[in-house]
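Visitor: Here you go, one structure.
Here, each number is a calculation from the coordinates, and none is a lab measurement. None of these values were measured; they are calculated from a predicted model. All Cβ positions, glycine included, derive from the backbone under ideal geometry; neighbour counts span all protein chains shown.
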Amino acid sequence: HRIMLTQLGENYLYPNFSKADTKQKIQNNILAKFKANQDKTIPLRWLNSTCFGQFNPKEQRIFNDVVESMLAEQLMITSFTKLQFYLTEKGEKLMGECLA
């Protein structure tokens, strides 16, 4: 048997959820992971396991959208095999502004 949290339960547990704030929080968290890594890369497996698990269910629901938007905005790029993310110059500039 499995017990699942309903939307009402999530709203009760995380009442101050703002999609824009959450997007910024996730993006900053990912940028901080790049900053901590000297070669400015993040393995996909690590991003999906370690980073994703740090967020609550509401945040996890938009996590992939944030990753996709960071790729679309050219803040990071992915390798040909899509197993590695690389920070771009644009992403590095934003990282400097967000995490200063």
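Visitor: Mind listing the Cα extents of segment 22-62 along all three principal axes, in Å, largest one first?
Guide: Between the extreme Cα coordinates on each principal axis of segment 22-62 lie 31, 20, 12 Å.
Visitor: Hey, another quick one. Quick one: Debye curve from the C-alpha atoms of the chain, no solvent, what's log10 I(q)/I(0) at q = 0.12, 0.20, 0.21 Å⁻¹?
Guide: -0.43, -1.00, -1.07
Visitor: Relative contact order for segment 37-100: what percent, with Cα pairs under 8 Å and sequence separation of 6 or more? Display every interim value, and only then the final one.
Guide: Details: 47 pairs, mean separation 22.3, N = 64.
Answer for segment 37-100 is 35 percent.
Visitor: Mind pulling the angle between the C-alpha long axis of helix 19-36 and the longest principal axis of the chain? Nearest 10 degrees, somewhere in 0 to 90.
Guide: It works out to around 40 degrees.
Visitor: When all alpha-carbon pairs of segment 43-88 are counted, what percent fall beyond 15 Å? Intermediate results must be reported in sequence, preceding the final value.
Guide: Details: 471 of 1035 pairs.
The proportion of pairs with Cα distances above 15 Å equals 46 percent.
Visitor: For Lys19 and Ile3, calculate 0.36 nm times their separation in residues minus their Cα-Cα distance, and state this gained length in nm to one decimal. Kindly include the intermediate steps, with their values, before the conclusion.
Guide: Working: separation 16, 0.36 × 16 = 5.76 nm, distance 2.55 nm.
Value of the extension gain: 3.2 nm.
Visitor: Once both labels are modelled 7 Å past Cα along the beta-carbon direction, what's the Glu73-Arg45 spacing in nm?
Guide: Here the modelled spin labels are 2.9 nm apart.
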